[in-house]
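The values are calculated or read from the model by the stated rules, or taken from the named source; none is laboratory data. All values derive from a computational prediction rather than experimental measurement. Here the Cβ is made from the backbone with ideal geometry for all residues, glycine too, and neighbour counts use every protein chain on show. Calculation scope for accessible area: heavy atoms of the full protein, side chains included, ligands and nucleic acids excluded. Shrake-Rupley method; radii C 1.70, N 1.55, O 1.52, S 1.80 Å.
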Amino acid sequence: MAQQVSPEPHSPDQWQSALRVLDVLDIISGASRPVSAEHLAQRTSRPRPVLAQLLRWLCEQGLTTALDDGSYIPGPVLRLMSAPGSPHAEHVLRHALVGLRDTVGAAVYVSSYTDGEVTISQYADGPTAPKVHEWVDFRAAAHASAVGKSLLAQLDFDSRMDHLSRRQPVRLTARTITNHHALFHALDAHGPQAAQFDLLEYSTQEVCVAIPLTVAGQVGCVALSLPAAQRHRLVDAARTLSNRSAGLLLSLLLARPSPAEAASAGPSDGRPPGSSVGATPPPGPAPASCGPLSGQSAGPATPRLAAAVALPLLGLHLPPSISTPVPRIRHLVSNSPCGRGVNS
């Protein structure tokens with residue numbers, strides 16, 4: 001039988017690093033007066049050297065401002081994002097996706113496992129970064145696509161079996177894995193937080209990679225796709241995606257409705273309202289061809305959300321010392337049963 005795998009009980013370390021950034025910004029933006037480093041250390045329980053480096057980085061990015069007495073106030077970027085009339089969350093997230101697309105030079109996707117189905121909630125493509133041609137509904141191809149495999153890898157054994165009983169694996173290319181035991185072995189080979197690859201398994205026209213996101217019980221991932229002719233770029237693009245995804249994913253998490261709001265919105269059909277994965281992109285230069293998150297609020301950004309979306313919007317990185325190394329992507333590709341020839 002396939003190995004039983006339970007989802008990780010905690011967020012990946014990279015998410016914890018991003019959350020620490022948001023905790024500091026929350027304290028500074030919510031205070032009625034300048035906040036001292038001593039107060040921040042007490043509130044966050046962070047070691048002084050780590051906190052000092054984080055505060056220097058936040059000042060460099062314009063998210064905080066250091067005063068002469070050593071205290072901190074919101075910086076110009078944070079004030080701009082939190083000001084009345086600032087862009088709504090959906091607008092900022094679209095720009096964040098476009099920035100990530102342009103950075104990796106590939107179409108990018110945000111996906112979640114919603115109501116027992118693979119859901120592409122956001123994506124951004126463009127003339128030089130075409131999206132995957134959905135020749136088979138992604139909801140029926142979780143066993144073959146990078147997005148689907150990343151989501152399946154984060155499910156427990158019973159949830160996987162339930163999904164595959166409803167969505168029977170079928171061969172889409174010569175490299176598609178259809179045997180449950182072989183599929184689960186491939187999913188579990190490097191752990192539930194490893195990158196998952198589609199190396200010509202969904203289609204012979206594209207290669208893809210997905211980086212997992214499991215936060216507050218929500219299984220999800222961020223992914224990219226490249227035309228098969230550009231498969232030699234996959235490893236470097238995947239590494240860049242992993243490096244740059246924390247801010248984007250945190251923004252998406254914070255933009256989601258509360259559990260009560262989600263319940264009142266009703267069940268999702270696996271597609272964002274007013275859009276579909278295969279929809280024609282709206283007119284305009286290099287658009288973010290994506291619909292809003294299901295049930296997403298259209299209200300103005302809160303200070304906490306504004307702080308989160310400012311990071312990916314401006315293309316910022318978390319300080320290296322409080323982030324974790326990226327997954328060993330080249331190792332994962334080279335050891336994949338379908339990995340031969342990807343880097344050639």
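Key figures for this structure:
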quantity	calculated
Sequence-distant residues sharing a close amide H with S121 (under 5 Å, placed H)	V110, S111, S112
Inter-probe distance in nm under a simple model that places probes 7 Å from Cα toward Cβ, at C59 and T204	5.9 nm
Added length on full extension, which subtracts the Cα-Cα distance from 0.36 nm per residue, N179 to R33	46.5 nm
Rounded accessible area per residue of region 136-237, 1.4 Å, Å²	34 Å²
Under Karplus coefficients 6.51, -1.76 and 1.60, residue-wise ³J(HN,Hα) of region 218-229 in Hz, glycine/proline x	8, 7, x, 6, 10, 9, 9, 9, 10, x, 4, 5
Relative packing of peptides 50-57, 67-74, 222-229 - highest average C-beta neighbours within 10 Å first	222-229, 50-57, 67-74
Segment D115-A66, extension gain: residue separation times 0.36 nm, minus the distance between their alpha carbons	13.0 nm
Order by protection proxy (mean Cβ within 10 Å, highest first), peptides 191-200, 231-240, 157-166	191-200, 231-240, 157-166
Solvent-accessible surface ranking, highest first, for E134, E206 at 1.4 angstrom	E134, E206
Hz values of 3J(HN,Hα) by residue in region 170-184 - Karplus curve (6.51, -1.76, 1.60), Gly and Pro given as x	10, 6, 9, 9, 5, 9, 5, 8, 10, 6, 4, 4, 5, 5, 5
